[in-house]
Amino acid sequence: MNHTLSDYQVTGLNLPYTIPNERLRRVLMAALPSQKNGKLSLSSHYWNADFFNLDRVKIFQDARDEEKLVILQFANHSLLEEAYYIENAGVGYMAKMVMLAETVEERMLYGLFAADEATHLSQISCFLPENELRRDRNPFLSLLAEVVEIRDKTVLLFVLQVVLEGWGLSHYRRLAKECRHPALAEVFSGFLDAEARHHATGSLLFEEMPISQASQTLIIELLARFLMMVQVGPQNVLAAIAQGKGHLSRSQKIQILEELDTQSHSGKRLKLLRSLMGGKSTDAIVQALEDRGAFVPLSAHHCVNSI
């Protein structure tokens, strides 16, 4: 199904970044937890070449200094932008779950979770100025936006809170650990407790819900699409290199992915994702994905053929 930005009402991807009313903006800033950092620009690399395994890539090592700078800026920016859009979607998702709540306590929980996501969004925004935000989302963000708009609560809980929030915990932990900027590292570390609560709540609620055949089928289709994005390796690194070096030939892409050890890179992530999907009520889902080969990392050659 094709979507436009106007379709994503819950995720808010069609909303403007700033509040035009300055007085309203001041109210928002007063309501948010105090920010330790002012508005920052991407003037330095928050994650270095080793974080992206670019130290293993010959075309990067042989690049001119200005090309290396562009590649690292693009790779860093992509990580921050992805985090921004994830947290932005999270605000909308938690607000939606307030409306879908079946008890007062559940509604209270999701109201608090929405505040968590709003705080995270504000914190990330300090490191990602408005003029650096792009509207061309990557495939993962497009899929995330599509899932958040779904009305099936069982699908929402399992795909977003059980699997993707669990995945996000590991992702944010690594971003915090390897970030070179102390303030940004502290921001990502500060996300972890809240994200763990969101994940645990989703798991508890999902355990109590029956899974219809329609829900199960939709979950399998959505997760198969997500797992394919993991199977094809670190495409964000390829995109960053192309940004600095220009068009990459098929043979260059294969070489880069081989140097990045794409099968090991993807294999570790696929193993984690499979563990997040485990449970008696989800055996059929995991088996269906196994039957599709969705947990098998692809070789560099097949990664290039699949994109």
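Tabulated data for the structure shown
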{"read-out": "Estimated inter-spin distance, residue 183 and residue 69, nm [label 7 Å along Cα→Cβ]", "value": "2.2 nm"}
{"read-out": "Only Lys, Arg (+1) and Asp, Glu (-1) charged, at Cβ; the stretch 64-165 dipole about Cα centre in debye", "value": "180 debye"}
{"read-out": "All-pairs Cα distance distribution in the stretch 165-298, expressed in whole percent, bin size 10 Å", "value": "11, 31, 33, 20, 5, 0"}
{"read-out": "Estimated Rh, the stretch 186-258: Kirkwood, alpha-carbon pairs, angstrom", "value": "16.2 Å"}
{"read-out": "Volume of the Cα convex hull of the chain, divided per residue and given in Å³", "value": "138 Å³"}
{"read-out": "Estimated 222 nm signal from helices in the chain, with DSSP H stretches of n ≥ 4 weighted -39500 (n - 2.57), rounded to 500", "value": "-20500 deg cm²/dmol"}
{"read-out": "Solvent-accessible heavy-atom area per residue, rounded to whole Å², over the chain at 1.4 Å", "value": "50 Å²"}
{"read-out": "Kirkwood estimate for the stretch 45-132, i.e. one over the average of 1/r between Cα atoms, Å", "value": "15.3 Å"}
{"read-out": "The stretch 39-98-the stretch 135-176 distance, computed between alpha-carbon centres (Å)", "value": "18 Å"}
{"read-out": "Spread of Cα-to-Cα distances over 10 Å intervals beginning at zero, given as percent, for the stretch 153-212", "value": "25, 42, 23, 9, 2"}
{"read-out": "Added length on full extension, which subtracts the Cα-Cα distance from 0.36 nm per residue, residue 299 to residue 62", "value": "82.9 nm"}
{"read-out": "Histogram of C-alpha separations across the stretch 231-283, 5 Å bin width, %", "value": "4, 18, 22, 17, 12, 10, 7, 6, 3, 1"}
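The values are calculated or read from the model by the stated rules, or taken from the named source; none is laboratory data. Owing to the predicted nature of the structure, the values given are computational and were not obtained by experimental measurement. Cβ coordinates were reconstructed from backbone atoms using ideal geometry, including for glycine residues, and neighbour counts include every protein chain displayed. The protein model used for the area step is the full one, side chains on, heavy atoms only, and it has no ligands, DNA or RNA in it. Shrake-Rupley method; radii C 1.70, N 1.55, O 1.52, S 1.80 Å.
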